[in-house]
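Let me begin by presenting the structure, written as structure tokens, before commenting on it.
The values are calculated or read from the model by the stated rules, or taken from the named source; none is laboratory data. Keep in mind that this is a model prediction, so the values were computed, not measured. Every residue, glycine as well, gets a Cβ built from its backbone with ideal geometry; the counts of neighbours run over all protein chains shown. SASA here: full protein model, heavy atoms, side chains in, ligands and nucleic acids out. Shrake-Rupley method; radii C 1.70, N 1.55, O 1.52, S 1.80 Å.
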Amino acid sequence: MPLSLGWLSALLAGLLCAHVLQTLCFPYFWRDFFFLLKVVRYGVRLELSSRLPRGVRTVLDRFVQQARRIPLKPFLIHEGRVHTYRDVELRSNRLANVFLEAAKLRKGDCVALLMNNEPDFLCAWFGLAKVGCSVAFLNTNIKSKALLHCFHSCGATTLVVGSDLVECLDGILGSLLEDNIQVWAMKSQSEHPQVLSLLDKVEAASDQPVPAALRAITSLKSPTLYIFTSGTTGLPKAAVITHLQSLKAAAGFWAFGATEDDVVYIPLPLYHSAASLIGIGGTIELGASCVLKKKFSASQFWNDCRKYDVTVFQYIGELCRYLCNQPESANDGVHKVRMGVGNGLRPDVWREFHGRFGNVKMCEVYGSTEGNLCFMNHIGKIGTVGRSNFFYRLLFKYDLVKYDMARDEPVTGPSGFCQRVEKGETGLLLSKVSSLSPFFGYAGSKQLTERKLRRGVFVKGDAYFNTGDLMAEDHEGFISFRDRVGDTFRWKGENVATTEVTEALGQVDFIQEVNVYGVEVKGHEGRAGMAAIITRPGLALDGRKLFHHVMREVAAYARPLFIRLQVVMETTSTFKQQKFQLVQSGFDPAAISDPLYVLDYQQQSYVPLTENIYRSIMTGERKL
């Protein structure tokens with residue numbers, strides 16, 4: 001008996017020691033393990049289901065299944081009107097029948113969809129998918145030749161356009177018709193004889209489902225969507241979205257712990273992957289409800305959340321900063337929102353958001369539309385986009401490599417291969433292309449697809465997807481976004497990360513929004529720092545206060561030498577700040593109508609940038 005008690009005591013002591021050691025040295029071990037186990041189980045289930053005799057199951061199949069299981073549950077709430085799962089199912093059936101009978105669409109055709117956020121966007125999308133068509137989501141902000149480029153790059157034979165966007169076709173309608181492209185408008189009647197009306201035919205169509213064989217697929221890797229990248233320069237590229245990618249994205253909310261009882265708020269445009277794949281796909285996967293906004297409104301956001309009992313919301317870019325910039329209210333903390341899912345949330349905004357609106361769990365997701373790698377910040381550590389560990393690296397191969405900013409390319413050693421960075425150092429994120437992490441590329445251009453790959457990274461013949469993002473991974477495995485390769489610039493022999501400077505300037509009380517970039521200066525190598533800022537309502541730029549803050553918080557080489565005071569900050573449709581035009585316009589006061597300021601060490605302030613000061617800089621008389 002004493003011997004048994006001795007062994008039991010030793011065992012308990014050993015377990016206690018192991019627990020203490022694990023807690024001290026590997027505090028996130030079990031949270032990592034169970035989260036990754038959950039994700040892997042989902043992936044295995046996808047793989048096994050694709051091999052069953054009944055065929056591959058898709059997001060659309062899941063929607064049809066949910067419409068049968070919970071037909072009367074609200075699926076979509078738009079401008080106060082509730083659309084149940086059955087409502088959307090029946091209307092998408094009507095549209096599918098019209099596409100089959102009137103439009104003569106056939107399985108395998110590609111159809112472009114140009115619509116704002118509205119229920120019929122989903123009904124048309126699902127209706128086309130039921131016929132077996134792939135769908136290209138067109139950015140509603142793109143006009144003229146760029147729109148024509150998007151249309152042709154995905155090989156679409158038909159265009160479905162929203163009733164409020166028909167005028168966007170001015171100037172290109174003739175070109176579309178010359179190419180024998182069908183153009184259908186979501187209207188009961190069309191003013192243009194060659195633009196066909198949809199709604200009158202939908203009302204007369206049957207709501208019975210079209211044959212399920214039309215939407216059946218044999219491989220999860222077959223394309224289902226084309227989503228255009230929203231780059232700030234150049235023409236958009238049509239990223240190929242497969243059923244596999246759609247299903248993975250649809251599991252995002254579930255992976256973070258959302259359930260069918262949640263109400264999801266989607267204020268982002270459906271033509272981007274965040275709203276369509278993660279938002280709508282995630283709502284369908286859960287069997288939840290979603291509130292769809294035509295356009296994000298900071299002033300209406302919290303009222304909407306309270307009105308519809310929202311529990312989960314999507315964000316991207318500076319959306320949360322816009323919320324923080326709204327006038328404070330006694331009701332700021334009165335809501336049921338418990339989770340936000342998105343990307344691009346800066347640490348300073350994250351802290352301010354928590355302090356003002358409560359401890360909402362912010363779930364950062366890192367990954368591009370076309371990329372083959374995803375990070376998920378399931379721990380919730382402020383300022384990080386995700387977390388890696390031994391188990392994750394076994395499944396998903398990625399590396400951070402040294403990058404030469406001056407030459408704008410990765411650093412290679414004597415062997416010609418890339419060099420990995422040390423823990424904590426910033427490097428270019430590359431993700432290995434493999435059967436487990438495929439890269440499907442862009443439609444219509446093998447050259448564009450190949451340009452996103454880097455071959456021979458560590459061994460001859462390997463291939464990695466080039467994210468174009470500079471990241472850092474700390475000793476605990478937390479991954480932080482540093483900057484885009486094109487946004488980072490060099491000044492006085494040092495690399496300047498615009499995101500770090502932006503965060504520092506954002507701490508100044510009179511600054512509401514800031515966009516940091518580099519401009520060329522005659523006679524100097526690299527680019528000098530410049531910041532476009534918007535001041536908070538009722539406050540003005542204080543050059544002396546800004547000077548002392550910059551001296552205290554920003555490294556000497558990274559300090560903005562020039563300030564451009566703006567009224568409106570130009571952004572993309574997903575709230576990404578536009579830098580290209582700012583960089584191109586430089587800092588010439590004769591060519592820029594916005595007020596400009598220059599850093600003046602003698603006056604210890606940012607002072608107005610006059611034409612005389614500008615000339616002295618260009619001639620080299622004034623030292624920077």
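Observations
- Some residue of the range 542-550 being touching a Phe, Trp or Tyr at 6+ places or on another chain (Cβ under 7 Å) and farther than 26 Å from C320 by Cα: yes
- The residues of the range 155-191 that are assigned to a loop (DSSP other than H, G, I, E, B), open to solvent by less than 30 Å² (accessible area, probe 1.4 Å) and modelled with pLDDT of 90 or more, listed by number, are A156, G162, L165, I181, M186.
- If you go through the range 418-428 and keep only what is open to solvent by 30 Å² or more (accessible area, probe 1.4 Å) and closer than 11 Å to K402 by Cβ, you end up with Q419, R420, E422, E425, T426.
- Residue ranges of strands (runs of 3 or more DSSP E) in the range 192-310 with at least 1 members within 22 Å of T158 (Cβ to Cβ) and open to solvent by 10 Å² or more (accessible area, probe 1.4 Å): 223-228, 238-242
- Among the residues making up the range 394-408, those that are open to solvent by 70 Å² or more (accessible area, probe 1.4 Å) and at pLDDT below 85 are L394, A406, R407, D408.
- In the range 347-380, the residues that are surrounded by 20 or more Cβ atoms within 10 Å (Cβ to Cβ) and of a type in the set (D, E, K, R): E364, E370
- Check on A590, small (G, A, S), open to solvent by 40 Å² or more (accessible area, probe 1.4 Å), free of Cβ contacts under 8 Å to residues at least 60 places away in the same chain and out of contact with any Pro (no Cβ under 7 Å at 6 or more places or on another chain): yes
- If you go through the range 279-314 and keep only what is among the charged types (D, E, K, R) and touching a Pro at 6+ places or on another chain (Cβ under 6 Å), you end up with just K293.
- Among (1) within 30 Å of L138 (Cβ to Cβ); (2) surrounded by 17 or more Cβ atoms within 10 Å (Cβ to Cβ); (3) in contact with a helix residue (DSSP H, G or I) (Cβ under 8 Å, 6 or more places away or on another chain), the one test that W491 misses: (1)
- Subset of the range 308-342 (residues that are at pLDDT 90 or above, more than 24 Å from W254 (Cα to Cα) and not acidic (D, E)): L323, C324, Q326, P327, S329, A330, N331, G333, V334
- Subset of the range 90-108 [in contact (Cβ under 8 Å) with a residue 24 or more places away in the chain and either open to solvent by 10 Å² or more (accessible area, probe 1.4 Å) or among the aromatic types (F, W, Y) (or both)]: L90, R91, R94, N97, F99, L100, E101, A102, R106, K107, G108
- Just one of (1) over 22 Å from C418 (Cα atoms); (2) among the β-branched types (V, I, T); (3) at pLDDT below 95 fails for T488. It is (1).
- For the range 42-59, the count of residues that are within 32 Å of the chain's Cα centre (by Cα), at pLDDT 85 or above, over 30 Å from K295 (Cα atoms) and open to solvent by 50 Å² or more (accessible area, probe 1.4 Å) is at least one.
- Residue within the range 612-619 that is open to solvent by less than 20 Å² (accessible area, probe 1.4 Å), over 20 Å from T502 (Cβ atoms) and aliphatic (A, V, I, L, M) present: yes
- Flag for N116 being open to solvent by 30 Å² or more (accessible area, probe 1.4 Å), part of a loop (DSSP other than H, G, I, E, B) and modelled with pLDDT under 95: no
- Filtering the range 64-89 to residues that are in contact (Cβ under 8 Å) with a residue 60 or more places away in the chain, open to solvent by 60 Å² or more (accessible area, probe 1.4 Å) and in a helix (DSSP H, G or I) leaves only R69.
- Conditions (1) open to solvent by 30 Å² or more (accessible area, probe 1.4 Å); (2) under 18 Å from I172 (Cβ atoms); number of the one not met by V111: (1)
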